[in-house]
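J.: First the structure, which I've put down as structure tokens, then a few questions once you've had a look.
All of the numbers you see were taken from the coordinates with simple rules; none came from a lab. Bear in mind the structure is a predicted one, so any value in this text is a computation, not a measurement. Note that each Cβ is placed from the backbone with ideal geometry, even for glycine, and that neighbours are counted across all protein chains shown.
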Amino acid sequence: KAAGEKIDPTVEEAYWSKSYTSTPYYTKGTDYKNYQSAYRYGWESYPKYQGKKFDDVEPELSRNWDKNRGDSSMTWDKAKLATRDAWHRVERAIPGDADHDGR
């Protein structure tokens, strides 16, 4: 099965909406809605680039952030941390190590 078939957006949304405040990049008082687009961008982007490392595709993700940010006011420098987290969470859920980064 392709990676995209294994990603349940409802599960990811529930996980991140409960977990975002415990991340090292969380800014106290910032509502989840500000992070939501970055997390979604991460779990939706992973299948498109499966087999590649986040750091290798980060420049392209950065260029496309404005089209994917929704209502988020975060700059890419802040959003990429949440995007990376969601990317790696999906990557860890899929058996194997397609991009050979040890995750």
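J.: Roughly what angle does helix 54-68 make with the longest principal axis of the chain, taking Cα atoms, 0 to 90 degrees, to the nearest 10?
T.: Taking Cα atoms only, the helix is inclined about 50 degrees.
J.: Filter Lys6/Lys33; Lys6/Lys28; Lys6/Lys80; Lys6/Lys53 down to the pairs with a C-alpha to C-alpha distance above 21 Å, please. Walk me through the intermediate numbers first.
T.: On the way: Lys6/Lys33 24 Å; Lys6/Lys28 32 Å; Lys6/Lys80 23 Å; Lys6/Lys53 19 Å.
Cα-Cα > 21 Å for Lys6/Lys33; Lys6/Lys28; Lys6/Lys80; rest within.
J.: Based solely on its DSSP helices, what 222 nm [θ] is calculated for the chain when runs of n ≥ 4 H residues each add -39,500 (n - 2.57) and the sum is averaged over all residues, nearest 500 deg cm²/dmol? Don't skip to the end; give the middle numbers.
T.: Numbers: 5 runs with 65 residues, N = 103.
Rounded to the nearest 500, the figure is -20000 deg cm²/dmol.
J.: Would you mind working out the magnitude of the charge dipole of the chain relative to its Cα centre, with +1 at each Lys and Arg C-beta and -1 at each Asp and Glu C-beta, to the nearest 20 Debye? Each step should come with its number before you reach the end.
T.: Working: 18 positive and 18 negative charges, 34 e Å.
Charge dipole of the chain: 160 debye, to the nearest 20.
J.: In degrees between 0 and 90, to the nearest 10, how far off the longest principal axis of the chain does helix 76-93 point, with axes built from Cα atoms?
T.: Value to nearest ten degrees: 40.
J.: Residue farthest toward the positive end of the dipole of the chain, with Cβ of Lys/Arg at +1 and Asp/Glu at -1: which of Trp16, Trp76, Pro59?
T.: Of the listed residues, the answer is Trp16.
J.: On C-alpha positions alone, give me the angle between the axis of helix 32-48 and the longest principal axis of the chain, in degrees, nearest 10.
T.: Value to nearest ten degrees: 20.
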